Amino acid sequence: MKQLGLFFGILFFLFSCAPKNQEQKDEATLKQDAKMEWWRDARFGMFIHWGLYAVPAGEWNGKEIPGISEWIMARAEIPVKEYEKLAEQFNPVEYNAEEWVKLAKFAGMKYIVITSKHHDGFAMFHSKASKYNIVDATPFDRDPLKELADACEKHGMRLGFYYSQAQDWHEPGGTYHNIEQGVPHWDPELEREPLMNYINGKAVPQVKEILENYGGLDILWWDTPRGMTEEAATTLQAEADKYPDLITNNRLYRPWPGDFSTPEQHVPPTGLDYDWEVCMTMNTSWGYKRNDDNWKSSESLIRMLVDIASKGGNLLLNVGPTAEGLIPAPSVERLKEMGAWMQKNGESIYGTSASPFFKLPWGRCTTKKTSSGNILYLHVFNWPKDGVLRVPGLDARVKDVYLLTNPKQKFAYKFEDNDVLIHAPTVIFDPVNTVVVVKTGKKMEITSNMPSLKEGKILMPADFADIHNPGYGTHAVLSGSGTESLIQNWVDYRTRVEWMFHTSDAGTYRIEALVKSEQPGKLTVKLGDQNTETEIPSTDGNFEIISLGEIEISEPGNQIISLTPVRENWGSAELMYMELVKL
Ligand code: FHN
């Protein structure tokens, strides 16, 4: 009991991602903070994958090529000379840089990162270092990146260029995906040369060009350091270092810190303790792929942005324009819908810090500190059915509770035990995400609501789980909240479901779960070093409590337990909760 009291006594508020006191910071940190300030405040940017691959748009010789479209040259093993011919057909006359910038701005995006050269080696800017570029090799005869830089300047949009520094499938010294396994380049005509020939002969000169000729880039976005060497990385970094305000990512080499890290196609379950940006597609492919209709809904994209902001990160959301120079209509539609939400609720995203709460079953939280106190932006995805929005473990003087889109719309609230209960409205203002603002005094403390041992049991509901979906593939989703929450569509064996919990008691625990499955399957239960394979029977489509075996906890404290399907024995399952019962 004493230990339990101690645990709950540890109040971890804490704007964990918020800056430390200015006085405590050294000079380097202060400099870094100053450089990153606009980027941290921005939260939302547009990624643009545009290149020659937009011409075949996922098809080669009348066949659909599986995978992401910008990889078509490698996936279909297209010889260099043949791929080069695409340039003759690339004439994106519909391209209008200003329209793209205006769309990004409307969506609420504060920066754009565009591919200046992807792995196929084709430069989307006028390069003196290689004739294989959009001005010299296509009928288009315009520099689209120059036009984009001008439009960004005009509309106050920050700009970054993506540059594939290692992979260059067009050059004898460039790397390719399986070079590290000793596999030869698919085109035998391409006589190999040392990497540094390509680095010094093309990559460095082109990086110089993009840094010098486009009005001062804000971001340089490296990608896939396959086959890179330290020498190549430091040679390129030396160019970036000439621009002290330039922000670069962590993909120059492995490992490489950069200014920020880059989780791709997934949102980390908790925040990271350094700057990070999720890059994400709206469908599956980065480059335009004609038959890729796997679109995420606007609702899930808005919630994803909020989820990321609530963990202290940025979202770089991708569009893949066509060979004519148009952003595909489904992307435009989604960006407009995101923009409609951002126009009204942007205050709860820009310049905010990560949530101080462990989990909020009904949604997310972002925060800001002001001179007079704290602002909590409660992002309500699902209004609790009992009409009460429970803000767990909030110890603060509450000054005001209102609707962000209409401050006159106040909410009644009361304190109960450690929680603040906000009375839900009878109307749901925004079914995608309603933002309720809670203003508090300066002193604010929050007690964690992490699942913990109560009466011999630790209950871990579905909405307290972190669902780790694979980057590509079918994603498991969470529906409902509280006791009605449910993990559905768990069909991909690569999806891992994980809970963090606290226990004050070491010992043996029986694991139970409320599961529905159509066929028998197997799961690996993992806690620390323990991995136990366990069978789940078919429940004939009904929810049943099943046993997942036993687990030993040797040390009290915070723990992480996860369930991962066994590849050969997995069909699908739904899960409502997992419970550990102390034996
Ligand atoms: O191989 C690329 C891919 O085509 C795309 O550009 C993504 C964007 O982050 N980066 C690489 C895969 O990690």
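The values are calculated or read from the model by the stated rules, or taken from the named source; none is laboratory data. Treat the numbers as computed from the prediction; the structure is a model and nothing was measured. Every residue, glycine as well, gets a Cβ built from its backbone with ideal geometry; the counts of neighbours run over all protein chains shown. SASA here: full protein model, heavy atoms, side chains in, ligands and nucleic acids out. Shrake-Rupley method; radii C 1.70, N 1.55, O 1.52, S 1.80 Å.
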(Q) I want the antiparallel fraction of DSSP beta bridges within the range 36-348, as a percent rounded to 5. (A) 10
Q: Nearest 5 is fine: what % of DSSP beta bridges in the chain come out antiparallel, could you say?
A: 75
Q: Would you mind checking which residues have amide H under 5 Å from GLY363's amide H? H placed 1.01 Å from N; only 5 or more apart, or other chain.
A: PHE381
Q) Given a cut-off of under 8 Å on Cα pairs at least six residues apart, what relative contact order in percent is computed for the chain? A) 13
Q) Over what distance in Å are the Cα centres of the range 461-527 and the range 36-115 separated? A) 36
Q) Hey, what angle do you get for helix 144-155 against the long axis of the chain, alpha-carbon based, 0 to 90 degrees rounded to 10? A) 50
(Q) If each residue of separation counts as 0.36 nm, what is the full-extension length gain between ASP41 and ASP540 once their alpha-carbon separation is subtracted? (A) 174.7 nm
Q. Roughly how many nanometres apart are two label points built 7 Å out from the Cα toward the Cβ at GLU518 and GLU552?
A. 4.0
**Q.** C-alpha long axis of helix 27-42 to longest principal axis of the chain, angle in °
**A.** 90
Q.
Once you keep just the Cα pairs under 8 angstrom separated by 6 or more residues, what percentage relative contact order results for the range 363-446?
A. 41
Q: Compute the length gained on full extension between GLU212 and LYS410: take 0.36 nm times their separation in residues and subtract their Cα-Cα distance, giving the result in nm to one decimal.
A: 66.1 nm
Q. Near the amide H of GLU59, under 5 Å away, which other amide H atoms are found, from residues 5 or more places off or on another chain, if H is placed in the peptide plane?
A. ILE65
Q: Starting from the Cα coordinates of the chain, work out the convex hull volume and express it per residue in Å³.
A: 174
Q | Extended-chain gain in nm, criterion 0.36 nm per residue less alpha-carbon gap, PHE429 and SER300 | A | 44.7 nm
(Q) What's the ranking of 566-572, 196-202 by average number of surrounding C-beta atoms within 10 Å, highest first? (A) 196-202, 566-572
(Q) Please report the carbon-and-sulfur percent of the accessible area for the range 454-578; probe 1.4 Å, protein heavy atoms only, DNA, RNA and ligands left out. (A) 46
Q: Keeping all protein chains in place, calculate the accessible area per residue for the chain (probe 1.4 angstrom), answer in Å².
A: 43
Q: Could you pull out which residues in the range 364-400 have an amide N less than 12 Å from a spot 7 Å beyond the Cα of LYS442, following the Cα-Cβ vector?
A: 370-374
Q: Kindly express, to the nearest 10 degrees and within the range 0 to 90, the angle between helix 230-241's C-alpha long axis and the longest C-alpha principal axis of the chain.
A: 90
